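Below is one structure, written out as C-alpha cells, with a few remarks after it.
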Amino acid sequence: MTISQLPTVAFLPSFNDFGETYPLIEIAKNYVQLGGRVIFIGFKGTYEHNATDLGFPVIELERRINQKISERNQRLKQKYHYQNMPQERIYPHLFSKENEASSKERIEQEVLIFRREHVKLVVSAFNFTPLISARVAGVPLVTLVSGVAIPPYFESGLATFPEGFENPVIRLVPKAVKNRLANWYIARCQWSVKGFNRFARMYGVPQVHRFLDLFCGDYTFLLDDMTFLRLKPTPRFPQEHFFGPLLPQYPNEGPKPTIDSEVETQLKKPGRSILVTIGSYGVKQTFLKLLQALNNTDYTVLVSLQSIIPEDELPSLHENIIVRKFFPSIQRIHELVDLSIIHGGRGTVYTAAFSGKPVIGIPMHAEQQWNLDNLLRYGTGVAVSKKYFTEQKLQVALQEIFTNYDTYLRNAERLKNTLPHPNATSFATQRIVDILGKEHDLRK
C-alpha cells in the first residue's frame with residue numbers, strides 16, 4: 001500500500017488517563033506524517049486537549065448516565081478515596097445489565113461514526129466496546145495493552161497477588177501460595193464474560209472465553225520489551241507485536257525541553273534529591289500522606305501533580321519541595337535526581353528504568369503493581385503499600401535505599417544498559433500500515 005492510499009484510522013483512547021491517551025496520540029502523529037487520515041473518538045476527558053491541540057479531529061461520544069450506576073460509583077469512590085473508580089472494582093461490572101442501555105448507546109454511536117467516516121481500522125486503548133462496534137462495522141481492531149494484561153503473563157506465573165484484594169485473613173497466607181492462586185485464577189477468571197457474550201450474541205459478533213480476552217483485538221499491540229517482562233512469544237502474541245517502550249513526554253514539550261531555573265537551583269543543593277510522579281490516576285489520600293511524610297524530611301523534592309489533586313487543595317509545604325502540574329523534560333529529571341517515587345504506570349516504569357536511578361514504587365492498582373514487579377525484579381528499588389501506607393513505612397523505604405544506595409544504583413544502571421533503544425512509535429505505525437495493506441488485499 002502506497003502513502004497516497006493510506007485510509008482513515010480511528011483512535012479510541014480513555015481521555016481521562018494520560019498513560020492511555022499519549023501512546024495513541026504519538027502513533028496517530030506518525031501515521032499522519034506517512035499520509036494517513038486520523039480521527040479520535042471518545043468521551044470528554046482531562047487529556048482530550050492533547051489531541052485537539054495538535055489539530056486532530058475529536059468526535060465526542062454522548063454519555064448516557066444511569067442513576068443506579070452513578071450512585072454505585074459514587075459509593076465506591078467515597079469508600080476507596082479514589083479520584084476515579086478503582087480498576088479492580090470496574091471489571092466485574094462491565095457489560096452488566098444495569099449498564100446495558102448506556103453500553104448499547106455507545107456501541108451504536110461508534111458503529112455510526114466508523115461507517116460515516118469510512119474508518120478502515122480501529123486502534124483502542126482500555127476501551128471494551130470496540131470489541132463489538134468495530135466488528136459490527138466490519139473493521140479490524142487493534143488493541144494497545146500492557147504486557148501484564150495478556151494471558152501469557154499469568155500462564156508464566158509472573159503476577160503477584162493484587163494488593164487491592166488483601167484483607168487481614170488473606171495477609172496470613174504465604175506470598176508464594178497467594179501468587180500461585182492469583183496467576184491460576186486471573187488466567188481463567190470470567191469477570192464480565194457473561195455480560196459481554198450477551199452483547200456479542202445481541203450483535204452477532206464472536207464471543208470470548210475469559211476476562212483477559214477483553215483486552216485482545218484482532219491484533220494486540222504491546223508497548224513493552226519482551227525481555228524486560230521475561231516473556232516468550234506465542235502465536236497469538238508474536239514477538240513483532242512487542243514494540244518496546246514509548247517514553248512519555250508531557251504537554252507543550254518541544255523537541256528540546258528545558259529545566260526551569262528554580263528546579264535547577266534546587267537540584268544543585270547538597271543532599272539527596274527525589275522526584276515524585278504517581279500519574280494521572282491516583283489515590284488522593286495516599287498522595288497527601290506521601291507529601292506530608294516528605295515534608296518532614298530535608299530532601300530536595302520535585303512533585304509532579306498532574307490531575308491527582310487541585311493545586312488549591314495542596315497543604316503548606318516547605319521550601320525544599322517544588323510542585324508542578326507537569327515537569328518538562330521529565331526523563332532528564334529522572335536522571336538528575338537520586339531517587340524517583342513512582343506509581344506503576346507503564347510509561348513511568350520504563351522512564352524510570354531508562355534513567356538508571358533507584359525507585360520506590362507505590363502501585364495504585366493491580367496492573368501498576370505488576371509493572372512495578374517487573375522493574376523491582378532487577379533490584380532497582382523497593383515497593384511501599386498503597387493500602388497500608390504510613391509515613392513510617394515510607395521512611396523505612398527511604399532509609400533502605402539511601403543506606404544501600406550504591407547497590408541499588410548499580411542494579412539500576414545495569415538494567416538501563418540492557419534495554420533496547422525505544423522506537424515503539426515507528427514500529428507500531430509501520431505495523432498498522434502493514435495490517436491495512438493485508439486487509440486491503442484480502443478484501444479486493
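Please pick out the residue among VAL303, VAL359, VAL337 that is touching a Ser or Thr at 6+ places or on another chain (Cβ under 7 Å), of a type in the set (A, V, I, L, M, F, W, C) and closer than 21 Å to LYS386 by Cβ.
VAL359
Can you give me the number of residues within segment 204-240 that are aliphatic (A, V, I, L, M), within 30 Å of GLU105 (Cβ to Cβ) and in a helix (DSSP H, G or I)?
2
Select from segment 1-37 the residues that are assigned to a strand (DSSP E or B) and touching a Ser or Thr at 6+ places or on another chain (Cβ under 7 Å) and write down the one among them that is farthest from ILE435 (Cα to Cα). Lay out the reasoning, then the answer.
First, pick out the residues of segment 1-37 that are assigned to a strand (DSSP E or B): 8-12, 37.
In the following step, the residues that additionally are touching a Ser or Thr at 6+ places or on another chain (Cβ under 7 Å) were identified as 12, 37.
Details: LEU12: 18, ARG37: 15 Å.
Ranking the candidates gives LEU12 first.
Identify, please: which residue in segment 297-326 is of a type in the set (S, T, N, Q) and at pLDDT 90 or above and is, among those, nearest to the chain's Cα centre (by Cα)? Steps first, please.
Of the residues in segment 297-326, the ones of a type in the set (S, T, N, Q) are 297, 300, 304, 306-307, 316, 320.
Still in the running and at pLDDT 90 or above: 297, 300, 304, 316, 320.
Numbers: THR297: 30, THR300: 28, SER304: 17, SER316: 30, ASN320: 30 Å.
Selected residue: SER304.
Take ILE342 and tell me if it is closer than 20 Å to THR403 by Cα and either surrounded by 17 or more Cβ atoms within 10 Å (Cβ to Cβ) or among the basic types (Lys, Arg) (or both).
Answer is yes for this residue.
Name the one entry in LYS386, LYS357 that is more than 22 Å from ILE150 (Cα to Cα) and more than 18 Å from the chain's Cα centre (by Cα).
Details: LYS386 fails: more than 18 Å from the chain's Cα centre (by Cα).
Being more than 22 Å from ILE150 (Cα to Cα) and more than 18 Å from the chain's Cα centre (by Cα) holds for just one of LYS386, LYS357, which is LYS357.
Condition check: farther than 21 Å from LEU372 by Cα, assigned by TED's automatic domain parsing to the domain that holds PHE354, surrounded by fewer than 19 Cβ atoms within 10 Å (Cβ to Cβ) and among the hydrophobic types (A, V, I, L, M, F, W, C). Does LEU294 satisfy that?
no
Filter segment 169-203 down to the residues that are in contact (Cβ under 8 Å) with a residue 12 or more places away in the chain and either at positive phi or in a loop (DSSP other than H, G, I, E, B) (or both) and list them by number.
CYS189, GLN190, TRP191, SER192
Please specify each residue of segment 417-435 satisfying the condition of being more than 17 Å from LYS120 (Cβ to Cβ), in a helix (DSSP H, G or I) and under 21 Å from the mean Cα position of the chain (by Cα).
ALA424, THR425, SER426, PHE427 - these are the residues of segment 417-435 that are more than 17 Å from LYS120 (Cβ to Cβ), in a helix (DSSP H, G or I) and under 21 Å from the mean Cα position of the chain (by Cα).
The values are calculated or read from the model by the stated rules, or taken from the named source; none is laboratory data. Quick caveat, the model's predicted, so the values are computed rather than measured. FYI the Cβ positions are ideal-geometry reconstructions off the backbone, even for glycines, and counts take in every protein chain you see.
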